[in-house]
1. Looking at B:33, B:80, can you tell me which residue is more than 9 Å from DNA strand C (Cβ to nearest atom) and among the charged types (D, E, K, R)?
2. Which residue pairs have Cβ atoms closer than 6 Å, lie 6 or more positions apart in sequence or on different chains, and pair a first residue in region B:32-44 that is charged (D, E, K, R) with a second residue that is open to solvent by 50 Å² or more (accessible area, probe 1.4 Å)?
3. Among the residues of region B:92-109, write down those that are among the acidic types (Asp, Glu) and within 14 Å of chain A (Cβ to nearest Cβ).
4. With respect to the numbered conditions (1) out of contact with any Asp or Glu (no Cβ under 6 Å at 6 or more places or on another chain); (2) open to solvent by less than 70 Å² (accessible area, probe 1.4 Å), which one is the sole condition not fulfilled by residue A:15?
5. Any residue at all in region A:31-44 that is of a type in the set (Val, Ile, Thr), closer than 23 Å to residue B:18 by Cβ and open to solvent by 60 Å² or more (accessible area, probe 1.4 Å)?
6. Of the conditions (1) within 15 Å of the chain's Cα centre (by Cα); (2) open to solvent by less than 40 Å² (accessible area, probe 1.4 Å); (3) within 14 Å of another protein chain (Cβ to nearest Cβ), residue B:89 satisfies every one except a single condition; which number is it?
7. Can you name the strands (runs of 3 or more DSSP E) wholly within region B:2-120 that have at least 1 residues being on the phi > 0 side of the Ramachandran plot?
8. Report, by residue number, each residue of region B:36-65 that is touching an Asp or Glu at 6+ places or on another chain (Cβ under 9 Å) and within 8 Å of DNA strand C (Cβ to nearest atom).
There are 2 protein chains.
Amino acid sequence: MHKKFMYICFMSNSKLYKGSLTTIILKLLNENDKMYGYEITQKVKALTKGQLKITEGALYPALHKLEAEGLLSVEVKKVDNRLRKYYKITENGEKETTNKLDELAEYIKTMQALVNPKLA
Amino acid sequence: MHKKFMYICFMSNSKLYKGSLTTIILKLLNENDKMYGYEITQKVKALTKGQLKITEGALYPALHKLEAEGLLSVEVKKVDNRLRKYYKITENGEKETTNKLDELAEYIKTMQALVNPKLA
DNA sequence: AATAATACATAAGCATTTTATGCATAAGAA
DNA sequence: TTCTTATGCATAAAATGCTTATGTATTATT
């Protein structure tokens, strides 16, 4: 398909999502047993009610990197004559998920201390 | 001073802070009338109890950019024979602060929907 | 006298993301 | 039946934003 005139995907107009993609992928795969790339984009869109749309140009390199780091394993399947690469979280991936979620919680806490110091 | 052997600054070990610096600067200047660069680094360190240390290599270019965009204005003063560049928020800067804080709140909400869907 | 703190600045390199493509099959609409 | 949309993967150039590593200069502390 020609995408010349249909490219409208983005991570959101805000730059804050930079650095969050790995956390999102790991968390989804930590609780969903196995998922393929396209499925992840749809899941994220659904969970965020269209707020957040992951671009393929960001997603696929990120998945490859996580696999290379041993945090995900991959299994290729053919469904309806179409290729799917199913990703599964590894043991190390589970540990890293915990780390990433801790970092996210810490980030939120720190930012709230900065922008809303009365509540901190 | 030689920094060859004393360079230990960072934005935190987490990559999540990427994209947050502008928000932090604007918010601080929105509530503090005027501040200079070094003061900002110290204030952030204090408010986050050492959690977050802004590097000069990130801060100064960010301040210059905000000034170029008309969100900050600058006034140079000499104190104790040392140069200080005081930054003040402009009217447009105040509007942008509101936008950035809204984006931060939205980001936090969206991420919580992703990593903790039960609470969303 | 040497080191740490204060105060600015820039530039190379790195990681992540956007933007823009490319290929291919299946389903739905015109 | 032909065009478009949806499904599914991929990569590469460019932009972005930060880290790392410097540089200069003054004042305070050890």
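1. Working: B:80 fails: more than 9 Å from DNA strand C (Cβ to nearest atom).
Just a single option satisfies the conditions, and that option is B:33.
2. Going by the 6 Å Cβ cut-off, the qualifying pairs are B:34/B:88.
3. Hits for region B:92-109 are B:96, B:102, B:103, B:106.
4. Status for residue A:15: all satisfied but (2).
5. no
6. Looking at each condition in turn, residue B:89 falls short on (3).
7. none
8. B:37, B:38, B:41, listed by residue number.
The values are calculated or read from the model by the stated rules, or taken from the named source; none is laboratory data. As the structure is a computational prediction, the values presented were derived from the model and not from experiment. In this analysis, Cβ positions are derived from the backbone assuming ideal geometry, glycine residues included, and neighbour counts consider all displayed protein chains. These area figures cover heavy atoms from the full protein model, side chains too; ligands, DNA and RNA do not enter into them. Shrake-Rupley method; radii C 1.70, N 1.55, O 1.52, S 1.80 Å.
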